[in-house]
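Report on the structure given below.
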Amino acid sequence: MVAVGPIAGPDEAINTGPVTRRLHPAWLAAAVAFVALVGAAGFRATPGVLLHPLHAEFGWPLGVISAAVSVNLILYGLTAPFAAALMERFGMRRVVAGALLLVAAGSGLTVYMRSSLELILNWGVLVGLGTGSMALAFVATVTGRWFVRRRGLVTGVLTAGGAAGQLVFLPVLAYLVQAYGWRAAALTVSGAALAVVPLVLWLLREHPADLGVTAYGAEAGPPGGPVAGPPPGGAARRAVRALGSAARTRAFWLLAGGFAICGATTNGLIGTHFIPAAHDHGLAETAAAGLLALVGLFDIVGTVASGWLTDRVDSRLLLGAYYALRGGSLLVLPALFANTVHPSMVVFILFYGLDWVATVPPTVALCREYFGASGPIVFGWVFASHQFGAAVAATAAGVVRDRLGTYTVAWYVAGGLSVAAAGLSLLLLRGRRRAALTVVPPAVAVAATGPA
């Protein structure tokens, strides 16, 4: 059994007779967060698997079903900054447990729906609010509180939790849809979210000081250091103030613009429409789901590697490279679809998986660099732009398919936008020395988040 009592520092041995080395409790906090993110990720794999079954049973156009996905994505993004502020006010444990309950309710209630409005209320509103509270702002909050060293790497690992969820759920959901119908898949997602709630309530701790330790890699001080009380004012007011301050900077708009395109080309387009597009070319949905699951597998590798690189390479250069490479891959995708899985498509899946959310660790790092103590909340707003981009792409691609009978135009537009995102990221190189630790006093920023 691993002991997690008070220790002198993150890497120091404690003498209790024989010399022993204890695992820092920051790693337990990260592990619980990872499992929670995996539990909430099941719904992210659901839309692509259920588009055709819902169309076949209810006769709803793909554009209408995609609109429900868009509502989900918008709320997913809009909830994130407020959830980050709520975590500061009421604690991560309460917010995360409540979010998982919303995901479970929204997914489970879909089995009773009879109209597209009910689809929007369940898929869009309930699940959107739940998954938004479990979004990447949660990752930024956990890593900001518990880690100073290895922060970029842990950000990458936790971000990969969503990909792991997709990897675990997508083939299972595709099989359940084929064997038992879409309702079995919806209930499976609901059960997975519920199963994680007790673990979060039992093991997730708010601050290192709760266990009498410092953050991993922080300089040793009084046990746990001082514990700051809840920030003054309401969570909503704090989130809006952070947005107002960030919106006056050029860096915020460049980051938000690039991340909006990131969302459009991942969750919005590939995540929602890759399986229907492959089906249009004669590929079985289970085979297409398997390919998309491989994206999740390689995404784990790519995101962890990106976190490691973020600790060592300028994040602006990383974002420029990631977006440019993504754009090139999307431009060749239309030529790769076929009625069987062939090596060229596998290469695309491997490459796209490595790049899927590799953008997250450098974006989180830049939000901390430019906005200091407000970095997690500002990242929540940047992430909101990601989901707005995803929502627009999800609906637009569905409409393109309904009108033209093919997704080809959508792939080409997405490729061009990705190249544009690379340009936005490289513009951050101008004036990078004016990082916004000038927006938040350096002493406050270091106290709240540790050195960047």
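The values are calculated or read from the model by the stated rules, or taken from the named source; none is laboratory data. Given the structure is predicted, the values throughout are model-derived calculations rather than measurements. For neighbour counting, all protein chains shown are included, and Cβ atoms are generated from backbone atoms with ideal geometry for every residue, glycine included. Note: areas computed on protein heavy atoms with side chains; ligands, DNA, RNA excluded. Shrake-Rupley method; radii C 1.70, N 1.55, O 1.52, S 1.80 Å.
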Seminar exercise, completed: Result of the Cβ filter at 6 Å on segment 252-272, keeping first residues that are hydrophobic (A, V, I, L, M, F, W, C) and partners that are outside any helix (DSSP H, G or I) and surrounded by 24 or more Cβ atoms within 10 Å (Cβ to Cβ), at least 6 apart or interchain, is 262/359
Seminar exercise, completed: Out of (1) open to solvent by 20 Å² or more (accessible area, probe 1.4 Å); (2) farther than 27 Å from residue 338 by Cα, the one residue 246 does not meet is (1)
Problem set entry | Any pair with Cβ under 9 angstrom, 6 or more apart, that starts in segment 338-350 at a residue that is in a helix (DSSP H, G or I) and modelled with pLDDT of 85 or more and ends at one that is of a type in the set (Gly, Ala, Ser) and surrounded by 13 or more Cβ atoms within 10 Å (Cβ to Cβ) | 344/338; 345/278; 345/338; 348/329
Problem set entry | Members of segment 237-251 that are touching a residue at least 40 places away in the same chain (Cβ under 8 Å) and of a type in the set (Lys, Arg) | 238, 250
Exercise. Any residue in segment 147-158 that is touching a helix residue (DSSP H, G or I) at 6+ places or on another chain (Cβ under 9 Å), open to solvent by 10 Å² or more (accessible area, probe 1.4 Å), modelled with pLDDT under 85 and over 18 Å from residue 375 (Cα atoms)?
Worked result: yes
For this session: Would you mind finding the one in 358, 321 that is within 20 Å of residue 160 (Cα to Cα), outside any helix (DSSP H, G or I) and of a type in the set (A, V, I, L, M, F, W, C)?
Result: 358
Exercise. What are the residues in segment 386-411 that are in contact (Cβ under 8 Å) with a residue 24 or more places away in the chain and of a type in the set (D, E, K, R), if any?
Worked result: 401, 402
Exercise. Among the small types (Gly, Ala, Ser), out of contact with any Cys (no Cβ under 6 Å at 6 or more places or on another chain), open to solvent by 10 Å² or more (accessible area, probe 1.4 Å) and not in a helix (DSSP H, G or I) - does that describe any residue in segment 274-286?
Worked result: yes
Exercise. Hey, any hits in segment 254-266 for a residue that's assigned to a helix (DSSP H, G or I), modelled with pLDDT of 90 or more and in contact with a Cys (Cβ under 8 Å, 6 or more places away or on another chain)?
Worked result: yes
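State all residues of segment 201-216 that are in a helix (DSSP H, G or I), open to solvent by less than 30 Å² (accessible area, probe 1.4 Å) and hydrophobic (A, V, I, L, M, F, W, C); if no residue qualifies, say none.
If the condition is that a residue be in a helix (DSSP H, G or I), open to solvent by less than 30 Å² (accessible area, probe 1.4 Å) and hydrophobic (A, V, I, L, M, F, W, C), then 209 is the only one that fits.
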For this session: State which residue is modelled with the highest pLDDT when the search covers only segment 364-384 and only residues that are of a type outside the set (Gly, Ala, Ser) and under 17 Å from residue 268 (Cβ atoms).
Result: 382
